[in-house]
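The values are calculated or read from the model by the stated rules, or taken from the named source; none is laboratory data. Predicted, not measured: the structure shown is a model, and the values here were computed from it. Using ideal geometry, Cβ is built from the backbone for each residue, glycine included, and neighbour counts are taken over all protein chains shown.
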Amino acid sequence: MPVVIGMVVLVRSLLGRAFGRKPRTPYGNRLPPRIHDRLSLSQTVGRRVVVIGDVHGCASELDRLLAALARPDDLLVVVGDLVNKGPASPQVLRLVQERGVRSVRGNHDDQALAAWRAWDAGLPIPKPAKHGWVQGLHADLACELEALPFTLDLPAYGVTIVHAGLLPGADLRDQPLSDLFTMRDVVPASTKGAGSPAPGGNPAWEANAVGGTGQPWAKVWAGPHHVLFGHDAARRLQLEPYATGLDTGCVYGGQLTACVLPALDHAGKPVEDSSPLPEGLPGQSIRLQGGKGIEAQVVSLPSAKTYSDKFLKLEQAAQVPMVHGEL
Ligand SMILES: [Mn+2]
């Protein structure tokens, strides 16, 4: 049987080369209709934009956070990793579909989609302990994952949303897709073999998926856009001048965090000085440097429980927060 599968893979690979195989995402999925998506001022005018950190299947926390702070006309965006690890990934996708939540693509979203495609084709599910939940997932919910772009630009705010990070100095279209949803640190480009080479003509930095081995990319990022991102639960809330990290470890018993961007009028000016922070939730106002320099609010909802302790074990084992690339 393995010989037969090997032959099939070989023949498909040869056919792919002969007929010009289409480029794929890092986990072998079809590329989304828009790799780098954007929402113009006309699409967001008069509406707040609520950007939410990594959900990882924590549907009840997402539901409670939205109940506490979201207004009916808010535009809701997640920084990716909607699924895996937590208790209710299908329910998160259902909520995303029903409420029209936008998201960028996290490494777990891309992996889970590949697992669903395997299951749908009658093949064994890769890493079934992590992806077993995809069995029976309705195709319309898998489509939610299939459509996810790698970045989402909000030009009216001068804000870019990405799951993991951006390589400082490299053009968006020159950034390797896998870096966009796996990077945590940057290392000097001369560090051979430590990360991905910068293809955009900027030799200064390489991306590295393992945290604690270089500098957090968000500390190096100097604009021009302000970047909202997730993926780096070990570092919790990151409030850097030009980048804000929103993964506060909801699935690890931390919090689910949202950054609320004010509604803008047709001239791109905030329609209110700042919306009141929801009662009972810790929050703060921050000035997002870069972009339009707007004032936003960061609000966190504590998790009901610790759904996964994989990360906590790693954190206890290391003196400094270290994150393995697999997380
Ligand atoms: Mn991630």
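Residues that are modelled with pLDDT of 95 or more and surrounded by fewer than 19 Cβ atoms within 10 Å (Cβ to Cβ) were ranked within the range 147-176; the one that is nearest to GLN215 (Cα to Cα) is PRO155. For the range 17-32, a residue qualifies if it is at pLDDT 95 or above and assigned to a loop (DSSP other than H, G, I, E, B), and the qualifying residues are THR25, PRO26, TYR27, GLY28, ASN29, LEU31, PRO32.
Being crowded, with 24+ Cβ neighbours inside 10 Å and more than 16 Å from the ligand (Cβ to nearest atom) is the requirement here; does LEU31 meet it? In short, no.
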